[in-house]
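Report on the structure given below.
The values are calculated or read from the model by the stated rules, or taken from the named source; none is laboratory data. Treat the numbers as computed from the prediction; the structure is a model and nothing was measured. Using ideal geometry, Cβ is built from the backbone for each residue, glycine included, and neighbour counts are taken over all protein chains shown. Just so you know, the surface numbers come from the protein's heavy atoms only, side chains and all, with ligands and any DNA or RNA stripped out. Shrake-Rupley method; radii C 1.70, N 1.55, O 1.52, S 1.80 Å.
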Amino acid sequence: MKLEELRKKNGMTQSDLASMVGVQQNTVSQWESGKRNPTIQMLMSLSKIFHCTIDELYGGDSS
(Lines give C-alpha, C1' and ligand atoms only; values in the text may rest on other atoms or scores of the structure.)
Protein backbone atom coordinates (compact mmCIF):
# COMPACT_ATOMS: atom_id res chain seq x y z
CA MET A 1 0.00 0.00 0.00
CA LYS A 2 1.31 3.45 -0.95
CA LEU A 3 -0.41 5.22 1.92
CA GLU A 4 2.80 6.28 3.66
CA GLU A 5 4.26 7.63 0.44
CA LEU A 6 1.12 9.62 -0.36
CA ARG A 7 0.83 10.91 3.19
CA LYS A 8 4.43 12.14 3.26
CA LYS A 9 4.17 13.61 -0.24
CA ASN A 10 1.26 15.70 1.06
CA GLY A 11 3.19 16.84 4.14
CA MET A 12 1.00 14.98 6.63
CA THR A 13 1.89 13.16 9.80
CA GLN A 14 0.15 9.94 10.78
CA SER A 15 -1.69 11.98 13.42
CA ASP A 16 -2.84 14.50 10.80
CA LEU A 17 -4.26 11.78 8.60
CA ALA A 18 -5.81 9.96 11.55
CA SER A 19 -7.64 13.14 12.57
CA MET A 20 -8.92 13.67 9.03
CA VAL A 21 -10.45 10.19 8.80
CA GLY A 22 -11.52 9.77 12.43
CA VAL A 23 -9.19 7.02 13.61
CA GLN A 24 -6.30 6.82 16.06
CA GLN A 25 -2.71 7.40 14.93
CA ASN A 26 -1.79 3.78 15.67
CA THR A 27 -4.46 2.65 13.17
CA VAL A 28 -2.74 4.64 10.40
CA SER A 29 0.57 3.13 11.51
CA GLN A 30 -0.89 -0.37 11.25
CA TRP A 31 -2.25 0.35 7.76
CA GLU A 32 1.15 1.59 6.63
CA SER A 33 2.97 -1.42 8.09
CA GLY A 34 0.49 -3.88 6.59
CA LYS A 35 -0.69 -5.19 9.95
CA ARG A 36 -4.25 -4.04 9.22
CA ASN A 37 -6.17 -2.98 6.15
CA PRO A 38 -8.60 -0.09 5.94
CA THR A 39 -12.26 -0.87 5.30
CA ILE A 40 -13.69 -0.14 1.88
CA GLN A 41 -15.39 2.95 3.29
CA MET A 42 -12.05 4.15 4.68
CA LEU A 43 -10.33 3.44 1.35
CA MET A 44 -12.92 5.62 -0.35
CA SER A 45 -12.21 8.43 2.15
CA LEU A 46 -8.45 8.06 1.68
CA SER A 47 -8.78 8.15 -2.10
CA LYS A 48 -10.71 11.42 -1.83
CA ILE A 49 -8.13 12.94 0.51
CA PHE A 50 -5.25 12.03 -1.81
CA HIS A 51 -7.18 12.61 -5.07
CA CYS A 52 -6.39 9.14 -6.36
CA THR A 53 -8.08 5.82 -7.04
CA ILE A 54 -8.18 2.92 -4.61
CA ASP A 55 -5.95 1.06 -7.09
CA GLU A 56 -3.39 3.85 -6.77
CA LEU A 57 -3.49 3.55 -2.99
CA TYR A 58 -2.40 -0.06 -3.44
CA GLY A 59 0.35 0.82 -5.90
CA GLY A 60 -1.48 0.28 -9.17
CA ASP A 61 -1.87 2.92 -11.84
CA SER A 62 -4.98 4.84 -12.75
CA SER A 63 -5.35 3.55 -16.32
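Report the local net charge at N26: Lys and Arg +1, Asp and Glu -1, summed over other residues whose C-beta lies under 13 Å from its C-beta.
Numbers: positive: K35, R36; negative: E32.
Net charge in that neighbourhood comes out at +1.
Probe 1.4 Å, all protein chains in place: accessible area of T39 in Å², nearest 10?
The accessible area of T39 comes to roughly 80 Å².
Summing +1 for each Lys or Arg and -1 for each Asp or Glu, what net charge is found among the other residues whose Cβ lies under 11 Å from the Cβ of L46? Walk me through the numbers before you get to the answer.
Numbers: positive: K2, R7, K48; negative: E56.
Computed value for this residue: +2.
Note the listed values (i) -0.63, -0.92, -1.20; (ii) -0.39, -0.63, -1.30; (iii) -0.43, -0.70, -1.47, then indicate which one is log10 I(q)/I(0) by the Debye sum over Cα atoms at q = 0.16, 0.20, 0.28 Å⁻¹ calculated from this particular structure.
Answer label, from the structure shown: (iii).
With runs of 4+ DSSP H residues as the only contributors, calculate the mean residue ellipticity of the chain at 222 nm using -39,500 (n - 2.57) per run, divided by the residue total and rounded to the nearest 500. Write out the running numbers ahead of the final one.
Numbers: 5 runs with 38 residues, N = 63.
Estimated from H runs of four or more residues: -16000 deg cm²/dmol.
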